[in-house]
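Report on the structure given below.
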Amino acid sequence: MPPLVEIQEVTRRFGALAAVDNVSLEIAEGEFLALLGPSGCGKTTLMRLIAGFGAADSGRILIGGRDMADVPPYERPVNMMFQSHALFPHMSVESNIAFGLARAGMSKGDMGRRVAEMLRLVQMEGFGARRPHQLSGGQSQRVALARALARRPRLLLLDEPLAALDRKLREETQFELKAVQRELGTAFMLVTHDQGEAMAMAGRIAVMRAGAIAQTGSPREIYESPASRFVAEFVGGINLFEAVVVSFAGGIASARLDGASDFVFTARCSSPLAAGQKTALAVRPESIVITRTGGAPPAPGALRGEVVDTAFLGGIFHARVKLASGFVVLSALSGPAAAELGLTRGDSVDASIGPGGGRILAS
Amino acid sequence: MSAGRGSLVERAAIVLPFVWLAVFFAAPFLIVVKISLSQAALAQPPYAPVFELSEGLGALRAGLRELSFSAYAALAEDALYLRAYLSSLWIAGLATALTLCAAYPLAFAMARAPAHWQPHLVMLAIAPFWTSFLIRVYAWIAILRDEGLLNRALAGIGFITEPLHIFATDTAVLIGIVYSYLPFMVLPLYSALARQDPALTEAAADLGAKPLACFWRITFPLSRPGILAGSLLVFIPAAGEFVIPDLLGGSDTLMIGKVLWSEFFDNRDWPAACAAAIVLLALLLIPLALWERTRSAEPVGGR
């Protein structure tokens, strides 16, 4: 099946700044893609280009195989859910949802049925006659979703849709959005700066940085095999050890940690590295294994340190361990494991990297 | 509640606006009401009775008994007044509609202009106020006269052979009002349009609305508070306008402002003039009250 959206080498400049810089990306029918990046990385600009707000300076955007260059926003088979929700304040909830249907020339009867169906989909039955100013943030978010989905777009663009909600509501809504997406089979493109949101909802994540795509992959791939230091740091907690490449062969690299001459770590690395090159060893906090020192010198592959801080976060337990080199490692332990260890500040411990738990980064 | 100096300052802050209103609005208004209930007299001032507080309460009571609605009755009897009111409301209404048509595109362009231009555009919109109102209205005489700038220009390009008689007609009055009150319409419209969230029209376009539909279904209805405010700011003073019909209008231009003037200065019938003013005020309060009601009924506005 050909991809629903093909973004081909698209560049969009604002003055001297390339907000979107030679980006190529595909969105498949029915997939849930998250465009993840810090503010100012160009993710919103890219999404607006797909919706038709602004034109690419170069490159092409195809939707359903058709070049969108001369297609105005009101003729594109995509709909957008705005960050501010942008509900029309002078219209009732029903009229808001029906707005796009009326523009498409749908009959009154069909329109009424579709509006009712949409209200049911977002669990807002009975709110049809309300005005937007009578809705809470969560309710207005639902109406915005219903309005954007009413025309049955092939792709729904969501611009930070949950930003206005408080944390608890945000987490609930994440699951609801996912359920709606599954039910309708519409492709969703979510733009967000919140990696947790992207991980929770998306089937595939494209990480953007400075107008370019830094990495695309499933949430697991992005998390476990970050392609670069930027991705590793942006997505989830990470320990980055400065290191120097010792050798590289067949996708496996060995690197020596700075400040620990005898500590050589071997791990998979996606792109080729040269010996002597500076690199970083990335280890997720949950891959740092902590053991109490039994008085004996540290085992091979372990580094000795001292617990400088602990935090109990409910299901998990964070310990910060200061190594001899001065580097502070963050370790995340499961609740039971932490209880067994019984760590407190000042304890002397050995930290090592759990099996398969480290990545040597290419850049 | 806090006591002492704090509450004194607080109380003063509440009382001061009322004092202001009493001195600059209520007192003059009551004087006008009182004169409208008096009788014209060949005296100084030209009406009776005159209240002299020094003559004691008895004289005051006697004076009060002399007050009557005779000026109002005269107003109702003379068809001239009715025609003047209707004509004033008609000219003011038409002028308001024309001003709205002229101001909307202007305000729209201002609100959509690059953000750093907008303060300058607002300055330009109010720039005419830097020149005396009277001089600007006189300038229109020079433009609209039979041998004025407009006729000479139109004749020059061969558009007309006979001069257009605009000066000293109701058309000239309309032009004068539209010109003079344009800023009062532009500014509230601009503020209503600039306040609108641009995401609203984008959302409309995204939902399939073509540019015209975006305008008529989103931008225009959401600018209604600005339209109402601007229309009242133009309509109310235009209805009582004197200078423009006096300078640009013809002898047959009938507006209540001119009637008021002649009652005051030609007939020296102050009670009749004051009664006419009070009736005009009552007529103008009706649209204001309607506006207040619509405003409280629907809290519309962009975010």
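The values are calculated or read from the model by the stated rules, or taken from the named source; none is laboratory data. Here the structure is a predicted model, which means the values were calculated and not measured. Note that we place each Cβ from the backbone using ideal geometry, even for glycine, and neighbour counts take in every protein chain shown. Only protein heavy atoms, including side chains, enter the accessible area calculation; ligands, DNA and RNA are left aside. Shrake-Rupley method; radii C 1.70, N 1.55, O 1.52, S 1.80 Å.
List of remarks:
- Of the numbered criteria (1) in contact (Cβ under 8 Å) with a residue 40 or more places away in the chain; (2) surrounded by 17 or more Cβ atoms within 10 Å (Cβ to Cβ); (3) of a type outside the set (Asp, Glu), the one A:Leu119 fails is (1).
- Boolean, B:Arg224 is among the basic types (Lys, Arg), more than 11 Å from chain A (Cβ to nearest Cβ) and open to solvent by 10 Å² or more (accessible area, probe 1.4 Å): no
- For region B:43-63, residues that are of a type in the set (A, V, I, L, M) and touching a residue at least 12 places away in the same chain (Cβ under 8 Å) total 3.
- Residue selected from region A:281-316 under the condition open to solvent by less than 30 Å² (accessible area, probe 1.4 Å) and part of a strand (DSSP E or B), by the criterion farthest from A:Cys269 (Cα to Cα): A:Val307
- In the set B:Ala204, B:Ala209, B:Ala213, only one residue is in contact with a Lys or Arg (Cβ under 7 Å, 6 or more places away or on another chain), assigned to a loop (DSSP other than H, G, I, E, B), over 13 Å from B:Thr99 (Cα atoms) and within 12 Å of another protein chain (Cβ to nearest Cβ); that residue is B:Ala209.
Okay, residues lined up against (1) open to solvent by 50 Å² or more (accessible area, probe 1.4 Å); (2) modelled with pLDDT of 85 or more; (3) in a helix (DSSP H, G or I); (4) of a type outside the set (Phe, Trp, Tyr):
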{"site": "B:Ala3", "(1), (2), (3), (4)": "yes, no, no, yes"}
{"site": "B:Ser7", "(1), (2), (3), (4)": "no, no, yes, yes"}
{"site": "B:Trp20", "(1), (2), (3), (4)": "yes, yes, yes, no"}
{"site": "B:Val23", "(1), (2), (3), (4)": "yes, yes, yes, yes"}
{"site": "B:Ile35", "(1), (2), (3), (4)": "no, yes, yes, yes"}
{"site": "B:Leu42", "(1), (2), (3), (4)": "yes, no, no, yes"}
{"site": "B:Phe51", "(1), (2), (3), (4)": "yes, no, no, no"}
{"site": "B:Leu82", "(1), (2), (3), (4)": "yes, yes, yes, yes"}
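- The residue of region B:114-123 that is nearest to B:Glu241 (Cα to Cα), among those that are among the aliphatic types (A, V, I, L, M) and loosely packed, with under 14 Cβ neighbours inside 10 Å, is B:Met123.
- Qualifying residue in region A:67-75 (condition: open to solvent by 40 Å² or more (accessible area, probe 1.4 Å) and closer than 18 Å to A:Ala206 by Cα): no
- Verdict on A:Phe53 being hydrophobic (A, V, I, L, M, F, W, C), within 14 Å of another protein chain (Cβ to nearest Cβ) and open to solvent by 10 Å² or more (accessible area, probe 1.4 Å): yes
- Among residues of region A:195-222 that are more than 9 Å from A:Val235 (Cβ to Cβ) and charged (D, E, K, R), none has a beta-carbon under 8 Å from a residue that is part of a strand (DSSP E or B) and modelled with pLDDT under 95 at least six positions away or on a different chain.
- Screening region A:340-363 for residues that are over 30 Å from A:Leu273 (Cβ atoms) and in contact (Cβ under 8 Å) with a residue 12 or more places away in the chain and picking the one that is surrounded by the most Cβ atoms within 10 Å (Cβ to Cβ) gives A:Val349.
- In the condition set (1) open to solvent by 20 Å² or more (accessible area, probe 1.4 Å); (2) closer than 14 Å to B:Pro188 by Cα; (3) out of contact with any Ser or Thr (no Cβ under 9 Å at 6 or more places or on another chain), B:Ala103 is compliant with all but (1).
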